[in-house]
Amino acid sequence: MSQTKRLQSGGRIDRSKPLTFTFNGQSLQGYEGDTLASALLANGISLVSRSFKLHRPRGIMGAGAECPNSLVQVGRGAGTIPNLRATQTELYQGLEANSVNCWPSVKFDVNAVTGLFSPLLPAGFYYKTFKWPKSWWDKVYEPRIRKAAGFGKAPTEPDPDRYDKKNRHCDVLIVGAGPAGLAAALEAGRRGARVILCDEQNEFGGSLLANRQYLDGKPGIEWAKTAVAELESLEEVTLLARTTAFGHYHHGFVSLLERVTDHMGLTSPDGRPRQRQWRVRANQVVLATGAIERPLVFCNNDRPGIMPASAVSTYINRYGVRPGQRAVVFTNNDSAYQTALDLNDHGIDVAAIVDVRPESDSVLVDRARKEEIPIYGGYAVVDTRGGQHVSGVKVMRLNGRGDGVYGEIHHLDCDLVASSGGWNPVIHLHSHPGGTMRYDESIASFVPDQAVGNTYNAGACNGNFALGGCITEGLSAGATAAAGVGFGSEDIEGEAPATGKQQESPLRPMWRVPSRKAIPRAPKQFIDVQNDQTSADVYLAVREGYRSIEHIKRYTAMGFGTDQGKLGNINGAGIAAEALGEDIAKVGTTTFRPAYTPVTMGAFAGRELGPERFHAVRKTPMHKWHVDHGALFENVGDWKRPWYYPKPGESMREALDRESYQTRHAVGVLDASTLGKIDVRGPDAAEFLNRVYTSGWKTMEVGKARYGIMLSEDGMIMDDGVSARIAEDHYHMTTTTGGAARVLGHLEEYLQTEWPELQVYLTSTTDQWAAISLAGPHARDVVAKVVSGVDLSGGAFPFMTWRDCEAAGVPARLFRISFSGELGFEINVQANYGQYVWDAVWEAGQEYGITPYGTETMHILRAEKGFIIAGQDTDGSVNPMDFGMHGLLSKKKDYIGRRSLSRPDAMREDREQFVGLVTLEDPKEIIPEGAQLVEEPNANEAPKPVPLHGYVTSSYYSSTLGHSIALAMVKRGRERMDDVLYSPQADGRVIQCRITSPVFYDPKGERQNV
Amino acid sequence: MSEAIRQESPLVERITSGRKAASPSDAGITLRERPFLGCVNLRGNPDDPDFTDAVKGVLGLALPSGPNTVADSGDITAFWLAPTEWFVRTGANAERDLIAGLEEALAGQHIATNDVTGNFTTVELSGPHARDVLEKGCTLDLHPRAFAPGQCAQTLLGHAGILIRPLADGQAFEIVVRRSFADYMFIWLEDATVEYGGMAVSD
Amino acid sequence: MLHIKCPWCGWRDESEFGYGGEAHIERPKDPDSVSDAEWADYLFFGSNRRGDFRERWVHSAGCRRWFNAVRDTTTYEFKAFYRMGEEPPGGEQ
Ligand SMILES: [Zn+2]
């Protein structure tokens, strides 16, 4: 038998489109238009999960985002999705869902026995229990809790779906397409404003989808359909169904999650993303987010079959589902009378309306009376019975103050309890950016007070629950918002549809229905059914001294669940107020924070995934050549730099040994295009360089180049590089690869903010130049074959000079510089010619045994020479004196960072200083970079802490020297030459090393000056 | 320079003749590269008539003075980049003459010219979904009401800095991107167009 | 994600900007004339104001200009944007 609980007719489901799905392995049927929850209820299944702490049976409770119980795992394999709310999961053919948090099964849950021990799990048990003995945490408590408390399971394979993001600006964003939102969209859209209207539901209409109210004499949904049709015709209106506004940030920035294909199947059926995050920048924001009915809190109010009254109406009216056979309606206000009528009209027996108000008089109450539904005025449901489903309620008379019950106990059999404690405006999005709220006694809930920015609340979220009022407020908000961006005036232009008479009697606030026994001994009155937090827990928290609602929330974990307390938090605040003896208006609510409902991680990642798109990947003009020649690449900043070029069968060490041998003995070629390049020009260019570099630049002649270091104002080394003088007023500056953007920003900052009087223009030319660096004894021979227009002899073109020339017929700048200690040249040509000139160099170098080398060999060659790499040997905490660079510190001028070099800390004598290290026991052993250095030979056994004397910044095997070398920062290092230090390793080994000069090779620099 | 000297665009591996021929006919997006256009970065003081007049004399058009605007004479396109900075684009291989002309006309003034022909490449993105695709990675308001022909902007597309201008109302955009980012941007765009039937490349 | 108005380019997303900390802190003209304590104060100590705060931003992905803003640190509301060299609105703080 299928869909035994489906009503014969009605609902917004398409009965011509049956869908098959499975729940916990059972094959079932539903219809298009169903949610998983409505389809389960249609099949008589209401028990879907177990509560987090006590593992009590949990049924489908709500009908939307507020449902705390209906968490399911959908699908399996890579695409499986944990913890979806069945109430917001649209049914599709083949949907496969399983309960979460109930092992071994939802019906037989061994953990439910914890319910018997529940006195052991009171509020704060997370903080109090499981503390001792310490060793039990890993072995006993944590595995036990994890197994018992586990929600759904995350997939273990990569997500097969695509996710995307979209940035969109609009004049007016309207959140919620119920009556107020549709009215606002019509008002703003008709005026030509750029409008986005989004709604979390699959259809627009909001409450009109689920109730039977009339507009202009027709069912409200007809009005909604007409409105949607008109909005669709407006070019500048964007309609987003299945789209939840989950975060409202500052300056009109609102994040939306559009579920693009979730309703089509487990994975996206075409190239479309499964979900899309809209990052909307709205000039005006209209919130029409509606209200959520809060249930009444009474003993054993958590049994399956106990639901908010509006959810019952939704299942009947929208989904054509019979949620029970015999219902008790329990309320403190008029709206649940509509539910009683909905039940009654669909042939569902209403055993009673239990109304905590002794008297009530309104259109709905009159109709219920006319239908002869028994009404218990001034009574309350004080307890329920049942096992895996509610089977009856106990009803008693309420006293005048509402704080006690008395008299005869009436036992009413039922399998459905529809309860209503009033309505809570959905003020989440109003509150996210700091909007304030106030307590409104007429609805016994919190409503928006001061909004942030151009934000307007309209309709039920503003505390206005009457349909006519919602529409008028929507029109008004639409007009105000449109006027705010210059589309018309704040006067409403559209016409509101006519609504019926809606006289209501006031509600009677009731946060907690009194029980027969005092709170600690009374049966549990659940506030948060997902987290098993009860009124007793709130009372305990207050008894233990918590006063702030924020603390009470954290102590009890109330509202911590995936539902974030949408049903229970206001009740919790009310019960806390009661326990504190204070006014709820003063107690307030906890802070509403994004996300309104859970958001898939994929929606935040979007397409920024994988090695090609996670961040930018920058490539040099010769990139493909490197790929073709077997290069492995290293990420330096965003750049891909060739790391080394192994030949077939070669190990990394062998490749590095070969590259460095060839470079030291023949000639090597390196792609240096990634170095940052800044064109510095203007009458004050020399003065500017004088201020930003530590050394003097004014006297350097045109045609020459110089190494310089830049400091931050705190005196620490920031970057380094070679700059060349192109003309009197013109320099070509280079920076490290990773530091280019930072250096340009640093220079512009000083130029624009501190020294606006300096006439200097800075232009980034990093990408303009392909830089081909040649090093080795044959470098000049190769350059001579390629370059024309320069006398390359050592006398005419000495070290640290540059010349204009042609390389392979292409205009070029040729620099005579070296980072390897060998004779070196660097050819710079316009990047589009880079590959062409590289080819020419490669060809010319063949007879000299030219080899390409990568960054690793470059690092080895420079380390042999003791040249630093800013960012590797420096870390923002080291100054030039630490590196013995006193000769680069001009005494004749001020420069950025100079003043800091005379601060006491910079002058400290026990600072770490730059030295070399060689290993003693095994001369080929490479000390790991970052390794710590101590004086204590047996550091692992010595009393802790063992005093640290330094750390390794760079470490390599040098085939040229035949042993390993390291660069390190060591306390007073320069006066400790030949001292032995020890480097304890994580595996227990200790590496012995000796302090040396950081210059291991050709200390006089004879090789580069030939 | 001799004819044999070869230039390569940063998209040489992506935009091949084979790929052009195989481009899907129903692609929602078409990308066209305009490689090797002569590009010059010009710095100077727009409040100094000596500067603006001399530049106008060389370019044949006045530099755009309003932020984020473009002046276009057909031969020369000048984009505002900053209060003292313009991106001036001319035809292929014309940049050196343009720089020489500017340097001569502006001699003695505090200015800077830089050949940035190799620093950038230019692509055009067109098709009914051009704006949809760019909105995936660009926070600029690309709606024709906010961003119309004659305007330009420097912004981000994904993680790449770009200079962008609309060519037609919401249907086509020109993007100038730094050379080293061009391949990343191509891959990004190609992936972004999947839901619209892919990206065609054309001449 | 803040919305920031570059004094040249207009309103742009925060992702295009870099933050520069407190504004109107001038580098000492003659650093040698200040004490270590004064130099440290210049370098490391900001006013950390609650409420309206003058701060520097740079339009790093756009025109690369530095400029100043007044922002309420409790609400994130920008009260003003003004160019380098221009007087801050509201006078002395
Ligand atoms: Zn700007």
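The values are calculated or read from the model by the stated rules, or taken from the named source; none is laboratory data. None of these values were measured; they are calculated from a predicted model. Virtual Cβ from ideal backbone geometry, glycine too; neighbours counted across all protein chains shown. Keep in mind that these areas ignore ligands, DNA and RNA; they rest on the heavy atoms of the full protein, side chains included. Shrake-Rupley method; radii C 1.70, N 1.55, O 1.52, S 1.80 Å.
For the protein assembly as shown, the solvent-accessible area of protein heavy atoms averages 38 Å² per residue (probe radius 1.4 Å; ligands and nucleic acids excluded). Remark: mean inter-chain Cβ contacts per residue of A:609-622 equal 5, using a 10 Å Cβ-Cβ cutoff to other protein chain atoms.
Label-to-label distance for residue B:167 and residue A:489 is 4.6 nm, based on points extended 7 Å past Cα in the beta-carbon direction. Association of chains A and C removes close to 2300 square angstrom of accessible area from solvent, both sides included, for a probe radius of 1.4 Å. Could you look at the stretch A:302-444 and say what percent of its accessible area is carbon and sulfur, using a 1.4 Å probe and all protein chains? About 44 percent, which is the carbon plus sulfur part of the accessible surface.
Computed from phi, the 3J(HN,Hα) profile of the stretch A:153-168 under the Karplus parametrisation 6.51, -1.76, 1.60 (θ = phi - 60°) reads 9, 6, x, 9, 9, x, 5, x, 8, 9, 10, 9, 10, 8, 9, 9 Hz, with x in place of Gly and Pro. Inter-part distance, the stretch C:55-78 to the stretch A:446-517, computed on C-alpha centroids, equals 36 Å.
Residues whose amide H comes within less than 5 Å of that of residue A:851, counting only those at least five positions distant or on another chain, are A:667, A:668, A:669 (H built at 1.01 Å from N in the peptide plane). Taking a ≥ b ≥ c as the square roots of the eigenvalues of the Cα gyration tensor, the stretch A:515-562 is oblate, since a/c reaches 1.5 or more and a/b is not larger than b/c. Straight-line cross-link partners of residue A:640 among the aspartates and glutamates, defined as a Cα under 15 Å from its Cα and at least 8 positions apart when in the same chain: A:612, A:628, A:671, A:767, A:856, B:183. A probe of 1.4 angstrom, applied to the heavy atoms of all protein chains, finds residue A:549 with accessible area near 10 square angstrom. Using a simple charge model, +1 on the beta-carbon of Lys and Arg, -1 on the beta-carbon of Asp and Glu, nothing else, what dipole does chain A show about its Cα centre, in debye to the nearest 20? I would put it at about 2440 debye. Identify, among A:7, B:137, A:518, the residue whose Cα sits farthest towards the positive end of the charge dipole of the protein assembly as shown, taking +1 on the Cβ of Lys and Arg and -1 on the Cβ of Asp and Glu, with the dipole about the Cα centre. Positive-end residue among those listed: A:518.
I'd like the carbon and sulfur percentage of the solvent accessible area for the stretch A:909-1010, probe radius 1.4 Å, heavy atoms only, ligands and nucleic acids excluded. In the stretch A:909-1010, the share of accessible area belonging to carbon and sulfur is 49 percent. Of the listed residues B:26, A:684, the order by accessible area with a 1.4 Å probe, largest first, is B:26, A:684. Only protein heavy atoms count here; under a 1.4 Å probe, residue C:66 has an accessible surface of about 20 Å². Classify the stretch A:678-766: rounded, prolate or oblate, from the alpha-carbon gyration tensor (a ≥ b ≥ c, eigenvalue square roots; a/c under 1.5 rounded; otherwise prolate if a/b is larger than b/c)? Note, shape of the stretch A:678-766 comes out rounded. If R0 is 60 Å, the Cβ-Cβ spacing of residue B:187 and residue A:388 corresponds to a FRET efficiency of close to 0.65.
Whole-Hz Karplus values for the stretch B:162-177 come out as 9, 10, 10, 9, x, 9, 8, 4, x, 10, 8, 9, 9, 10, 9, 10 Hz, taken residue by residue from phi with 6.51 cos²θ - 1.76 cosθ + 1.60 and θ = phi - 60°; glycine and proline positions read x. Bridgeable aspartates and glutamates around residue A:1004 (alpha carbons under 16 Å apart, same-chain partners fewer than 8 residues away excluded): A:822, A:864. Relative to one another, the C-alpha centroids of the stretch B:11-46 and the stretch A:920-975 are positioned 52 Å apart. Using r as the Cβ-Cβ distance of residue A:516 and residue A:441, and R0 as 25 Å, what FRET efficiency do you calculate, to the nearest 0.05? With a Förster radius of 25 Å, E is 0.30. Got a sec? Which residues in the stretch C:39-54 would a label at residue C:82 touch, if it sits 7 Å along Cα→Cβ and we count backbone N under 16 Å? Counting backbone N atoms under 16 Å from the label point, the list is C:52-54.
Would you mind checking the stretch A:429-445 for residues with the amide N under 14 Å from a putative spin-label position 7 Å along Cα→C-beta of residue C:72? Taking a point 7 Å out along Cα→Cβ of residue C:72, the residues of the stretch A:429-445 whose backbone N falls under 14 Å are A:433-436. Of the listed residues A:856, B:190, the order by accessible area with a 1.4 Å probe, largest first, is B:190, A:856.
Adding -39500 (n - 2.57) for every DSSP H run of four residues or longer, then dividing by how many residues the protein assembly as shown holds, sets the calculated 222 nm ellipticity at -5500 deg cm²/dmol.
Here the stretch A:724-822 has 52 percent of its accessible surface on carbon and sulfur atoms, given a 1.4 Å probe and all protein chains in place.
Distant-in-sequence amide contacts of residue A:3, defined by a placed amide H-H separation under 5 Å and a gap of 5 or more residues or a different chain, comprise A:29.
A crude spin-label estimate for the pair residue B:96 and residue A:922, with each label 7 Å from Cα along the Cβ direction, gives 5.7 nm. Placing +1 on each Lys and Arg Cβ and -1 on each Asp and Glu Cβ, with no other charges, gives the stretch A:909-1010 a dipole about its Cα centre of roughly 240 debye.
Take the accessible area of chain B alone and of chain A alone, subtract that of the pair, and you get about 4800 Å² summed over both chains, using a 1.4 Å probe. Applying 0.36 nm per residue to the separation of residue A:893 and residue A:701 and subtracting their alpha-carbon distance, the gain on full extension is 67.3 nm. Note on the protein assembly as shown: dipole from Cβ charges, positive end direction compared against A:670, B:99, A:461; the farthest Cα belongs to A:461.
Computed about its Cα centre, the charge dipole of the stretch B:106-203 is approximately 320 debye, with only Lys, Arg, Asp and Glu carrying charge at their Cβ. Residues whose amide H falls under 5 Å from that of residue A:456, counting only those 5 or more places apart or on a different chain, are A:285, A:286, A:287, with hydrogens built in the peptide plane.
Which of the pairs A:17/B:136; C:5/C:29; A:165/A:566; A:677/A:865; A:647/A:785; A:225/B:136 have their Cα atoms more than 29 Å apart in this structure?
Details: A:17/B:136 35 Å; C:5/C:29 31 Å; A:165/A:566 27 Å; A:677/A:865 24 Å; A:647/A:785 27 Å; A:225/B:136 31 Å.
Beyond 29 Å: A:17/B:136; C:5/C:29; A:225/B:136.
Heavy atoms of chains B and C lose about 1000 Å² of accessible surface on contact, summed over both sides with a 1.4 Å probe.
What is the extension gain from residue A:406 to residue A:503, computed as 0.36 nm multiplied by their sequence separation minus the C-alpha to C-alpha distance, in nm to one decimal? Please list the in-between numbers first.
On the way: separation 97, 0.36 × 97 = 34.92 nm, distance 3.16 nm.
Result: 31.8 nm gained on full extension.
Between the stretch A:278-305 and the stretch B:60-137, the C-alpha centres lie 53 angstrom from each other.
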